[in-house]
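A.B. asks: Input: one structure, supplied below.
Each reported figure results from applying straightforward, stated rules to the coordinates on display, with no laboratory input. These numbers were taken from a predicted model, which means no experiment stands behind them. Methodologically, a virtual Cβ is constructed for each residue, glycine included, from the backbone with ideal geometry; neighbour enumeration extends over all protein chains shown.
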Amino acid sequence: MTAKPIYRRVLLKASGEALMGAQGFGIDVSVVDQIASDIVDARNLGVEVGVVIGGGNIFRGVAVASKGGDRVTGDHMGMLGTVINSLALRTSLVKLGIDTVVLSAIAMPELCEGFSQRQATAYMNAGKVVIFAGGTGNPFFTTDSAAALRAAEIGADALFKGTQVDGVYSADPKLDPNAVRYERISHDQVLKQGLSIMDTAAIALARENHIPIIVFSIHEKGGFGEILTGGGRCTVVADA
């Protein structure tokens, strides 16, 4: 008997860097295929899935600003990177027979549909996987903020943050062997301790809308489905 999922509708946030795999740049198709497979596992449990992917594997707007360039233009370039990644994930999902639509916050009708909350909800109600591209459509906002915003707009029960590590730690576990891993922590504690799992705007938005954030390793094959049914290894960020 298949375990019953804890959540009915979720938003999965994956970093662009995760798509690089072992490469230093770009998209490792095998990694995208694995993420797509994990999404299929979630759908097989009856969970509705929306997705936001960053663009850091292709371009980071802050890199332009740090070298004296225009931050707004840099962020727009980063948004285009998220569209490329979103199209790649859609391709992998379609290969697996999953009906998937990409909605972009920046109009580019030749490539994908424009975002509207009404259309996104309708697609999810119809059982499609919806990938939200283009961030929020505004400069100075990260794709973490976009993920929290879209999670609130679609009425997600949880925001899943796929990272390079298996949860939230008191410090970077790759740099500090004494870093403590949390099983559960509140949004307020994350903000007060300055834990860099997502930017502060994203954490605050999730807190205000009572959306738990589930932090897990995006590289753990099958981990997404396990956590959805109460297993797996993760940290839950939620109100006490």
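A.B. asks: Among all residue pairs at least 6 apart or on different chains, which show Cβ distances below 9 Å where the first residue, located in the range 164-191, is free of Cβ contacts under 8 Å to residues at least 60 places away in the same chain and the second is part of a strand (DSSP E or B) and of a type in the set (S, T, N, Q)?
C.D. replies: Qualifying pairs under 9 Å: 165/217; 169/235; 181/235; 182/235; 183/235; 184/235; 185/235.
A.B. asks: Now for a different question. Please go through the range 1-27 and pick out each residue that is aliphatic (A, V, I, L, M) and either touching a residue at least 60 places away in the same chain (Cβ under 8 Å) or in a strand (DSSP E or B) (or both). Break it down into steps so the answer makes sense when it comes.
C.D. replies: The initial filter retains those residues of the range 1-27 that are aliphatic (A, V, I, L, M), namely 1, 3, 6, 10-12, 14, 18-20, 22, 27.
Scanning the range 1-27 gives 3, 6, 10, 11, 12, 14, 18, 19, 27.
A.B. asks: Give the residue that is surrounded by the most Cβ atoms within 10 Å (Cβ to Cβ), with candidates limited to residues of the range 215-240 that are of a type in the set (Val, Ile, Thr) and either free of Cβ contacts under 8 Å to residues at least 60 places away in the same chain or farther than 15 Å from residue 14 by Cβ (or both). Working first, answer last.
C.D. replies: Let us first name the residues in the range 215-240 that are of a type in the set (Val, Ile, Thr), namely 215, 218, 227, 229, 235-237.
Checking which are either free of Cβ contacts under 8 Å to residues at least 60 places away in the same chain or farther than 15 Å from residue 14 by Cβ (or both) leaves us with 215, 229, 235-237.
Values: 215: 26, 229: 17, 235: 24, 236: 18, 237: 29.
So, considering only residues that are of a type in the set (Val, Ile, Thr) and either free of Cβ contacts under 8 Å to residues at least 60 places away in the same chain or farther than 15 Å from residue 14 by Cβ (or both), the one surrounded by the most Cβ atoms within 10 Å (Cβ to Cβ) is 237.
A.B. asks: Same structure again: Looking only at helices (runs of 4 or more DSSP H) that lie completely in the range 28-111, which have at least 3 residues being under 17 Å from the mean Cα position of the chain (by Cα) and surrounded by fewer than 21 Cβ atoms within 10 Å (Cβ to Cβ)? If you could, list the steps in order and put the result at the bottom.
C.D. replies: Details: elements: 29-44, 61-66, 71-95.
In the range 28-111, 29-44, 71-95 are the helices (runs of 4 or more DSSP H) which contain 3 or more residues that are under 17 Å from the mean Cα position of the chain (by Cα) and surrounded by fewer than 21 Cβ atoms within 10 Å (Cβ to Cβ).
A.B. asks: While we're here: Among the candidates 158, 206, 201, which residue alone is under 30 Å from residue 125 (Cα atoms), more than 14 Å from the chain's Cα centre (by Cα), among the aliphatic types (A, V, I, L, M) and surrounded by 14 or more Cβ atoms within 10 Å (Cβ to Cβ)? Before you say what the answer is, go through the steps one by one.
C.D. replies: Details: 158 fails: more than 14 Å from the chain's Cα centre (by Cα); 206 fails: more than 14 Å from the chain's Cα centre (by Cα).
Only one candidate passes the filter, namely 201.
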